[in-house]
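The values are calculated or read from the model by the stated rules, or taken from the named source; none is laboratory data. Since we're looking at a predicted model, the values are computed, not measured. Note that each Cβ is placed from the backbone with ideal geometry, even for glycine, and that neighbours are counted across all protein chains shown.
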Amino acid sequence: MAQSIFSRRELKRKFLGLRNERPKAEPGRALVLIGEDAPIVLYPGQSISPGEAVWGKYDTVYEVDITQKQLDFQISSPAKGGVWEFTVRFSGSYQVSDPIRVVNESIQDPTPMLELVIKDTISQVTQQFDIEDGETARLAVRGQLEKGLTKDVPFRFSAIFIELEPDQEAKEYLREQRRQKRQAVLIKGTEEVLVAQGSIEKLKRQMQREGEEEMVDHYEKILDKGITSILAQQLAQNPDNAPQITNFLLQLHQQDVDGKVQLLQTMVDNDLIEDWQLRDLVDNVVHSATTSPLQSTPKLSSDVKGALPANKVDEVTKEAVEKREESSEAND
């Protein structure tokens with residue numbers, strides 16, 4: 001059982017029954033004097049006058065602890081609609097603000113009462129917010145607690161700290177909602193990539209139908225735009241290799257696009273990417289797929305990897321490569 005925050009004793013009587021003890025409040029304590037006159041409160045360093053001691057006819061003194069105390073607890077509080085709940089961790093300091101009320105209401109251990117009132121205050125705020133709006137709800141809860149509780153209590157709070165987040169079940173729900181939303185974005189982007197890949201296949205067939213002279217002329221223009229020196233030497237030595245080099249570039253381009261899509265899929269599955277990052281990266285992949293592979297040498301998906309935390313790059317890249325290899329083996 002918690003220790004009471006106040007104690008009671010009778011004032012000492014002296015000659016002729018006059019109750020003329022003059023108690024003095026010590027540091028960290030407030031005294032509530034009860035008698036025929038209205039109760040009076042003495043704070044540290046204060047005492048009653050000789051006249052008040054005699055004529056006030058005070059016969060009882062309550063010593064109330066007014067030092068700051070710590071209150072910490074965790075509760076579940078409903079979100080809007082009542083389906084999901086927030087987990088709320090409260091921490092704050094409190095002290096007696098009205099010693100007379102503490103005595104009159106006989107509040108010996110304020111902890112249960114304060115937890116109940118604070119929980120009610122928090123609940124009235126959180127049920128106005130959707131489970132997705134955790135940070136907004138946290139700020140609103142803190143603001144309300146600093147403004148006042150739903151019930152007037154003879155205590156004041158300071159140094160209030162609030163942590164608020166969806167409970168575990170709600171976290172799983174939100175994670176799945178995010179995954180589905182991002183999956184939809186990725187699927188749409190993949191469809192755009194497939195359309196672009198169809199254009200590439202059309203380009204490939206068109207190039208295979210072109211005559212040797214036109215092919216060499218076409219590759220001379222391509223070489224001016226950045227094909228590597230090795231491919232340039234191959235074409236210079238033997239223009240007949242143009243179809244094979246074209247196929248090689250197309251394969252590299254396809255592997256690069258597939259790798260980027262698989263890496264994005266892995267990031268979505270592991271909840272490692274924000275919505276705005278996903279949209280930008282999908283646009284980059286689509287742009288890559290719609291860019292002729294003969295205009296630039298495909299590169300590793302550094303633009304995709306740049307969106308990952310540094311400690312996740314190798315892990316996620318490895319997982320994406322393994323999935324792509326498994327897919328290739330299955331197709332073979």
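So here's what we get for this one:
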read-out	value
Number of positions in the range 1-11 that are farther than 11 Å from T60 by Cβ, at pLDDT below 90 and surrounded by 10 or more Cβ atoms within 10 Å (Cβ to Cβ)	1
Number of the exception - A137 against (1) in contact with a helix residue (DSSP H, G or I) (Cβ under 6 Å, 6 or more places away or on another chain); (2) outside any helix (DSSP H, G or I); (3) closer than 30 Å to V96 by Cα; (4) aliphatic (A, V, I, L, M)	(2)
The range 45-96, subset acidic (D, E) and over 24 Å from the mean Cα position of the chain (by Cα), residue surrounded by the most Cβ atoms within 10 Å (Cβ to Cβ)	E63
Only one of T136, T150 that is at pLDDT below 80, out of contact with any His (no Cβ under 9 Å at 6 or more places or on another chain) and not assigned by TED's automatic domain parsing to the domain that holds L264	T150
Check on K57, over 16 Å from V102 (Cβ atoms), out of contact with any helix residue (DSSP H, G or I) (no Cβ under 7 Å at 6 or more places or on another chain) and of a type in the set (K, R)	yes
Of all residues in the range 25-37 being outside any strand (DSSP E or B) and at pLDDT below 85, the one that is surrounded by the fewest Cβ atoms within 10 Å (Cβ to Cβ)	E36
Some residue of the range 254-270 being part of a loop (DSSP other than H, G, I, E, B), under 27 Å from E172 (Cβ atoms) and modelled with pLDDT of 65 or more	yes
Residues (surrounded by 12 or more Cβ atoms within 10 Å (Cβ to Cβ) and either touching a strand residue (DSSP E or B) at 6+ places or on another chain (Cβ under 8 Å) or modelled with pLDDT of 75 or more (or both)) located in the range 179-193	R179, K181
Residue within the range 48-56 that is at negative phi, at pLDDT 80 or above and of a type in the set (S, T, N, Q) present	no
Lone qualifier among V88, V96, V41 - being at pLDDT 90 or above, touching a helix residue (DSSP H, G or I) at 6+ places or on another chain (Cβ under 7 Å) and assigned by TED's automatic domain parsing to the domain that holds P27	V41
Checking G143 against (1) over 18 Å from Q68 (Cα atoms); (2) surrounded by 13 or more Cβ atoms within 10 Å (Cβ to Cβ), the condition it does not meet	(2)
